[in-house]
Amino acid sequence: MSRFSVDGEPLGFTEGQTVAAALVAAGRVAWRTTRVGRRPRGVFCGIGVCFDCLVTIDGAVGQRACLIPARAGMTVTTQEDDDG
């Protein structure tokens, strides 16, 4: 099984999964909070229309986890607030 890291922890994924799919498959349904109310967010639409699943991938802030294919060795950092 291939792996990438999420907040410094290894996470396995199946080839063809998006970052969001790998997170959900690992039991993580929320990985960001909103600035107002600090409400949890994760994958919502799953097709890149909304911005609920934002993460930082290899230093690029504001990436939609539902659109980015998981690849071995990538570094994913979850985000707090809407700022990234």
Positive-end residue of THR78, CYS66, PRO10, charge dipole of the chain with Cβ unit charges: CYS66
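For the chain, what does the accessible surface come to per residue with a 1.4 Å probe? Please give it in Å².
Details: 4670 Å² over 84 residues.
Per residue, the chain has an accessible area of 56 Å².
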Cα-based Rg/(2.2 N^0.38 Å) for the chain, rounded to two decimals, is 0.98
Given a Förster distance of 41 Å, report the FRET efficiency between GLU15 and VAL36 from their Cβ-Cβ distance, rounded to the nearest 0.05. 0.60
Between ALA72 and PHE51, Cβ-based FRET efficiency (R0 25 Å, step 0.05) works out to 0.45
Let's see if you can work this out: charge +1 on each Lys and Arg Cβ, -1 on each Asp and Glu Cβ, no other charges. What is the dipole magnitude of the chain about its Cα centre, in debye to the nearest 20? 180
Which cross-chain or sequence-distant (5 or more) residues have an amide H under 5 Å from the amide H of ARG32, H modelled 1.01 Å from N in plane? ARG41
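The values are calculated or read from the model by the stated rules, or taken from the named source; none is laboratory data. Here the structure is a predicted model, which means the values were calculated and not measured. Every residue, glycine as well, gets a Cβ built from its backbone with ideal geometry; the counts of neighbours run over all protein chains shown. What goes into the accessible areas is simple: the full protein's heavy atoms, side chains included, and nothing from ligands, DNA or RNA. Shrake-Rupley method; radii C 1.70, N 1.55, O 1.52, S 1.80 Å.
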